[in-house]
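See below for the structure under consideration.
The values are calculated or read from the model by the stated rules, or taken from the named source; none is laboratory data. Small disclaimer: the values here were computed from a predicted structure and weren't measured. Ideal geometry is used to build each Cβ from the backbone, glycine not excepted, and the neighbour counts take in all protein chains shown.
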Amino acid sequence: MLVEVHLRSPNKKVDHMKTLSMPSHASRRDVFRTAGTAFVGAALAGLQAPNARAQSYTPPAGGGELLRLSANENPYGPSESAKQAMMAAMSEGWKYATAEMPALAKLIAEREGLSPDNVIITEGSAEVLRIVSLLYGSQGSEMIAARPTFEQGPDYAEKVGGQLVWVDLDKDMKHDLAGMEGRITNKTGLIYICNPNNPTATMVQTKDLRSFIGVAASRAMVLVDEAYIDLVDDPAGSAMVDQVRAGKNVIIARTFSKIHGMAGLRLGFALARPDIIKRMNEVRMSSPNKMGLVAGVASYQDKEFMASSRKLVRECLTMTCKTLDELGLRYTKSQANFVMFDTGKPLREFSIAMRQKGVAVGRPFAPYDTWCRVSMGRVEQMPQFLDAMRAHFKKA
Ligand SMILES: Cc1ncc(COP(=O)(O)O)c(C=O)c1O
């Protein structure tokens, strides 16, 4: 088992992207001349975004739209009910959203068997990750996180003076809970568990996570990021909300960006003990906007839309895994709206080849430098990617 401590982000995103698109011996002009086509130029430009997480989406030079299979969005959303709610609320935009935030907190609390003071509504769940990192992972505290995982919380903790303790995923590319438990010290303020994990889409066994929390939450705050929980095989059985009900040191982060298809509307929430929610409210720096909130209230009650999104995501996953099997490529067992597979070569080659076919795929996640995270699009869009895959790997 590999356990390492790093005091810097392990992914070195910006440096990596620079070397990826700009060989040291070549000038930018040389690269473009050698490539010979404006198409490749556009692809490289797309991969050169200064912050790899916010990669650019330059449309393909040959026309048409770039297919975004890179950010784990849900292209079926927002739901019709959410759109109608936003249309109806548009002319009310002059008012602060004083009524909508408590209304949504009440709905969520009712469904989760909690009280509204167990809920904080935020501008996306990234805001939850930042608030929690600030409260429990800053100023000399240690934050334990898996490598690779979704880095927004750890990156922020580091910026506010926290020290990161990275623990590699296990051989099945799942959180190594025993390894993480072994790294808890009296300096540990926060432990981040992303379940299912982004970028691997893998999950830990529910009973293992419950026993981990049993130990870890008595020594530090445990943040369970359940951004993709509505897409897993057994959402109700896998969620850790019972640990909040039991009054433990556990915070659950959720989002409307995934199954609800509302990433651009910026809405998320967290569930925790009332005293923790109170502290979180005290340091929050933003609130969701009225459009996101009214859309969220509608979408949260739209079970038909959620069921249909789930079904369509799974249809795309089946198609994708079938192609991966056909091509003999290794991939993770996905419990989310994306899957990670081994391209067998540095990811940049594959990413550029896909850009040339008008498809944006996920960025690199060290140390899995040959693995690609691909998000599910609409069912009718997937053949564009899957045909490009076949052409790429059959040629290789
Ligand atoms: C695991 C995880 N957590 C949190 C987020 C942040 O989502 P948002 O701020 O849009 O709610 C994402 C986004 O991709 C994610 O994958």
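With the condition kept exactly as written, say whether any residue in region 361-373 is among the basic types (K, R), under 27 Å from T149 (Cβ atoms), part of a strand (DSSP E or B) and outside the structural domain of C194 (by TED's automatic domain parsing). Yes, there is a match, as at least one residue in region 361-373 is among the basic types (K, R), under 27 Å from T149 (Cβ atoms), part of a strand (DSSP E or B) and outside the structural domain of C194 (by TED's automatic domain parsing). The sole residue among L169, L223 that is within 20 Å of G362 (Cα to Cα), within 17 Å of the chain's Cα centre (by Cα) and of a type in the set (A, V, I, L, M, F, W, C) is L169. Farther than 30 Å from W94 by Cβ, more than 16 Å from the ligand (Cβ to nearest atom) and in contact with a strand residue (DSSP E or B) (Cβ under 7 Å, 6 or more places away or on another chain), is that true of V224? Considered against the rule, which asks whether it is farther than 30 Å from W94 by Cβ, more than 16 Å from the ligand (Cβ to nearest atom) and in contact with a strand residue (DSSP E or B) (Cβ under 7 Å, 6 or more places away or on another chain), V224 comes out as no. Scanning region 257-311 for residues that are among the aromatic types (F, W, Y) and in contact with a Lys or Arg (Cβ under 6 Å, 6 or more places away or on another chain) gives a single hit, F269.
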